[in-house]
Amino acid sequence: MKRIVLTGAAGRLGSYLREPLSKMADELVSTDIFDDIGKLYDGERYMKGDLASVDDMMAVLEGADMVVHFGAIPDEAPFEELLGPNFIGAYNIWEAAHRHGVKRVVYASSIHSVGMYRKNEFIDTKVAHRPDTFYGLSKCFAEDLGSMYWEKRGLESVHLRILSCAQVNNARALGSWLSYDDLIQLVTRCIETPIVGFSIIYGVSNNDRAPVDNAQSSFLGYRPKDNAEQFAEEVLANEPPMDPQDIGHMCQGGPFASVELGKSGAAGLNIIDDKKTT
Ligand SMILES: NC(=O)c1ccc[n+]([C@@H]2O[C@H](COP(=O)([O-])OP(=O)(O)OC[C@H]3O[C@@H](n4cnc5c(N)ncnc54)[C@H](O)[C@@H]3O)[C@@H](O)[C@H]2O)c1
């Protein structure tokens, strides 16, 4: 592989992907909205670009074999704030990828595209969209975009419906955790699998309490190694009493399912910013 592009390279998940991706191609082009992202890995080049600008994305994707698209606002916000980075940004990535003849997009979708399903429904990757927020809706949009570009233009994509890739510090995360090592394995499988067409897979570790079914995507060979059960005793001992009438406790989307549209869902998750440094 000659060139991989990583969007959202300055972000938390991007910080864990840059080093492994830099070893998977002759060149990794990392991109984000900032002027620079500090020290680069061997084989990595940085390009500033705004996802909402098709000209920027055309420049960034030039010569790429695959795009790992992780750039976005990763939380619920007013629709107008999400429109540029998340909706138009997704269109710009797929359109620039098509025009440049890129083979595949590996996309950071989210559980929030199906966040209103109850956890006891044990959903698979074929269920209809049921977004919990405008943010979740932006992920539905990008998944449908990927499906359409595959069927009409032959551009492959894998959509990783990540549940929660952050330290386990609440009861929901006992089911939803995706460890950084498993994230790297998942993205690697999505790049290395010879043919993927249009595919969806849940981004979750091998948790005893995982509330989703990845059986239909087993062809990707993703076999997660980590299990959040190791944190259960401590997490549950510190969890405040839960209101069984709060749909956030039973729905896949957690606090995103109960929050008002346009208001942060991540604020209720106590996410620790443990970004990897170069
Ligand atoms: N962290 C999780 O648990 C989780 C769960 C589900 C999905 N995701 C998705 O994974 C991806 C990465 O999430 P993260 O937690 O690393 O978030 P993050 O906010 O740390 O990283 C996102 C990056 O996107 C960049 N970005 C935003 N707007 C941009 C624009 N207009 N142009 C260029 N770059 C822009 C930001 O600068 C940031 O560096 C996101 O797409 C998010 O929706 C994350």
Determine which single condition PHE79 fails, assuming it passes every other condition in (1) more than 14 Å from the ligand (Cβ to nearest atom); (2) crowded, with 23+ Cβ neighbours inside 10 Å; (3) not charged (D, E, K, R).
(2)
Taking the range 171-185 and keeping residues of a type in the set (A, V, I, L, M, F, W, C), open to solvent by less than 20 Å² (accessible area, probe 1.4 Å) and assigned to a helix (DSSP H, G or I) leaves ALA173, LEU174, LEU183
Quick one: count up the residues across the range 1-16 that are surrounded by fewer than 23 Cβ atoms within 10 Å (Cβ to Cβ) and assigned to a loop (DSSP other than H, G, I, E, B).
4
So LEU236 ticks every box in (1) at pLDDT below 95; (2) over 22 Å from SER110 (Cβ atoms) but one. Which box is left unticked?
(1)
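To keep it simple, each residue is scored yes or no on (1) part of a loop (DSSP other than H, G, I, E, B); (2) crowded, with 24+ Cβ neighbours inside 10 Å; (3) within 12 Å of the ligand (Cβ to nearest atom).
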{"site": "VAL106", "(1), (2), (3)": "no, yes, yes"}
{"site": "THR125", "(1), (2), (3)": "yes, no, no"}
{"site": "PHE141", "(1), (2), (3)": "no, no, no"}
{"site": "VAL187", "(1), (2), (3)": "no, yes, yes"}
{"site": "CYS190", "(1), (2), (3)": "no, yes, no"}
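Of everything in the range 17-66 that's among the basic types (Lys, Arg) and either more than 15 Å from the ligand (Cβ to nearest atom) or over 21 Å from ALA108 (Cα atoms) (or both), which residue is least open to solvent (accessible area, probe 1.4 Å)? Break it down stepwise before answering.
Within the range 17-66, the subset among the basic types (Lys, Arg) is 18, 23, 39, 45, 48.
Filter once more, keeping what is either more than 15 Å from the ligand (Cβ to nearest atom) or over 21 Å from ALA108 (Cα atoms) (or both): 23, 39, 45.
On the way: LYS23: 155, LYS39: 142, ARG45: 88 Å².
The qualifying residue least open to solvent (accessible area, probe 1.4 Å) is ARG45.
Residues are listed down the side, and each one gets a yes or a no for (1) open to solvent by 60 Å² or more (accessible area, probe 1.4 Å); (2) in contact with a strand residue (DSSP E or B) (Cβ under 8 Å, 6 or more places away or on another chain); (3) of a type in the set (Asp, Glu); (4) free of Cβ contacts under 8 Å to residues at least 60 places away in the same chain:
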position: ASN214; (1), (2), (3), (4): no, yes, no, no
position: SER217; (1), (2), (3), (4): no, yes, no, no
position: LYS225; (1), (2), (3), (4): yes, no, no, yes
position: ALA232; (1), (2), (3), (4): no, no, no, yes
position: PRO240; (1), (2), (3), (4): yes, no, no, yes
position: ASP246; (1), (2), (3), (4): no, no, yes, yes
position: ALA257; (1), (2), (3), (4): no, yes, no, no
The range 124-151 residues that are of a type in the set (Asp, Glu), paired with ones that are in a helix (DSSP H, G or I) and surrounded by fewer than 17 Cβ atoms within 10 Å (Cβ to Cβ) (beta carbon under 8 Å, 6 or more apart):
ASP124/ALA215; ASP124/GLN216
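The values are calculated or read from the model by the stated rules, or taken from the named source; none is laboratory data. Because the structure is a prediction, the values reported are computed rather than measured. A quick note on method: Cβ atoms are made from the backbone with ideal geometry, for glycine too, and the neighbour counts reach across all protein chains shown. Accessible surface areas use protein heavy atoms only, side chains included; no ligands, DNA or RNA. Shrake-Rupley method; radii C 1.70, N 1.55, O 1.52, S 1.80 Å.
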